[in-house]
1. Taking 7 Å along the Cα-to-C-beta vector as the label spot, tell me the residue 72-residue 127 distance in nanometres, rounded to one decimal.
2. Among 23-29, 52-58, what's the highest-first ranking by average C-beta atoms within 10 angstrom per residue?
3. Rounded, prolate or oblate: which fits the range 2-143 when a ≥ b ≥ c are the square roots of the eigenvalues of the alpha-carbon gyration tensor, with rounded for a/c under 1.5 and prolate only if a/b beats b/c?
4. Need the full-extension length gain, residue 39 to residue 139, defined as separation in residues times 0.36 nm minus the C-alpha distance. One decimal, nm.
5. Could you sort 34-41, 86-93 so that the peptide with the highest average Cβ count within 10 Å comes first and the rest follow in order?
6. Treat each spin label as a single point 7 Å out from the Cα along the C-beta direction, and report the residue 94 to residue 113 distance in nm.
7. Just to confirm my numbers, what's the Cα centroid distance between the range 99-144 and the range 49-90 in Å?
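Where a number appears in this text, it was derived from the coordinates with a stated rule and is not lab data. For clarity, every value in this text was computed on a predicted model and none was experimentally measured. Don't worry about glycine lacking a Cβ; one is built from the backbone with ideal geometry, like all the others, and counts go over all protein chains shown.
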């Protein structure tokens, strides 16, 4: 029991985290402006490993939206805002849309129910031709 307490030390526990069994942790926020999305701050409550959706990256959960950060093999990072209820994509941000799009997504070496546990960060400053903008940074740990 002491070992589990050590593993969980420093991690917050939301409803989602309690159902998964190990606490995820996110810090930071991104500001979204313009277009159909309106203006708001997106502050993720938890994160999930992209292993669940068969992609290399993470889903940062901020209902009713998800900020999906994907490590693409050729062009580096990409990000998408997705409606968490319908799955509709609200904006896809690629390197060509961004003055800043950098980050790191690493496997921690842990696997939880065959899902890789991930940690890392993303810094983003992008503007789509349609007018949507996203800017900020988020760090994440124990995404599984």
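1. Going by the 7 Å Cα→Cβ label model, 2.1 nm.
2. Working: 23-29: 19.0, 52-58: 17.1.
The packing order, highest mean first, is 23-29, 52-58.
3. On the way: a/c = 2.02, a/b = 1.67, b/c = 1.21.
Prolate, since a/c reaches 1.5 and a/b exceeds b/c.
4. Working: separation 100, 0.36 × 100 = 36.00 nm, distance 2.17 nm.
Length gained between residue 39 and residue 139: 33.8 nm.
5. Numbers: 34-41: 12.1, 86-93: 14.4.
The most tightly packed comes first, giving 86-93, 34-41.
6. That separation, rounded to one decimal, is 3.4 nm.
7. 9
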